Amino acid sequence: TMAVYGAGTATFSAAGVISSVSDENFKIKDGTIDDPIPMLMALAPGYFFGKPEAHMGPDRQLGFYAQNVRAAIGPEAAPDPEDGKPWGYFDRSVLAVAVEALKNHETRLKALEAGIGV
């Protein structure tokens, strides 16, 4: 259950898709990612099975571990859990780092191509 979700608007589908408010009018900008490559390289996704008490189903899954996301990206991506609650992370943070890393590589690639006349 969710008592509050962002600015109060979210759509949930039976497929597990959550679409939430991301209007810049509801945000105070506070910087950009200076060097996303080390963050991206420190992410360590892996395969796992959920423990029975986690109620994640019996299937093998692929994903991230919140503690690793915290170590790779920082507390903004995976804040300390509330007492007695499990760790979680903001998947938007992982996506943001991946997008910035791709942009960074594209900029480097274009510079290299320009240097060799491609």
Report task. Quick one: in segment 2-34, of everything that is at pLDDT 90 or above and open to solvent by less than 80 Å² (accessible area, probe 1.4 Å), which residue is nearest to Gly74 (Cα to Cα)? Result -> Ile33
Query raised in the report: Would you pick out the residues in segment 7-52 that are under 19 Å from Gln67 (Cα atoms) and either free of Cβ contacts under 8 Å to residues at least 40 places away in the same chain or among the hydroxyl-bearing types (Ser, Thr, Tyr) (or both)?
Result: Pro38, Met41, Ala42, Ala44, Pro45, Gly46, Tyr47, Phe48, Phe49, Gly50, Lys51
Query raised in the report: Pairs under 9 Å by beta carbon, first residue open to solvent by 10 Å² or more (accessible area, probe 1.4 Å) in segment 57-79, partner of a type in the set (D, E, K, R), six or more apart or different chains?
Result: Phe64/Asp91; Arg70/Asp80; Pro79/Arg70
Query - segment 97-118, subset within 27 Å of the chain's Cα centre (by Cα) and of a type in the set (A, V, I, L, M), residue farthest from Ile37 (Cα to Cα) - result: Leu109
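Taking the stated definitions as given, is Gly46 small (Gly, Ala, Ser), in contact with a strand residue (DSSP E or B) (Cβ under 8 Å, 6 or more places away or on another chain) and either at pLDDT 95 or above or open to solvent by less than 60 Å² (accessible area, probe 1.4 Å) (or both)?
For Gly46, the condition - small (Gly, Ala, Ser), in contact with a strand residue (DSSP E or B) (Cβ under 8 Å, 6 or more places away or on another chain) and either at pLDDT 95 or above or open to solvent by less than 60 Å² (accessible area, probe 1.4 Å) (or both) - is met.
Using the structure shown, decide if Leu62 is closer than 19 Å to Trp87 by Cβ, at pLDDT 90 or above and in contact with a strand residue (DSSP E or B) (Cβ under 6 Å, 6 or more places away or on another chain).
Numbers: closer than 19 Å to Trp87 by Cβ: yes; at pLDDT 90 or above: yes; in contact with a strand residue (DSSP E or B) (Cβ under 6 Å, 6 or more places away or on another chain): yes.
Answer is yes for this residue.
The values are calculated or read from the model by the stated rules, or taken from the named source; none is laboratory data. Bear in mind that the values here come from a model prediction, so they are computed numbers and not experimental data. Backbone-built Cβ (ideal geometry, glycine too); neighbour counts: all protein chains shown. Calculation scope for accessible area: heavy atoms of the full protein, side chains included, ligands and nucleic acids excluded. Shrake-Rupley method; radii C 1.70, N 1.55, O 1.52, S 1.80 Å.
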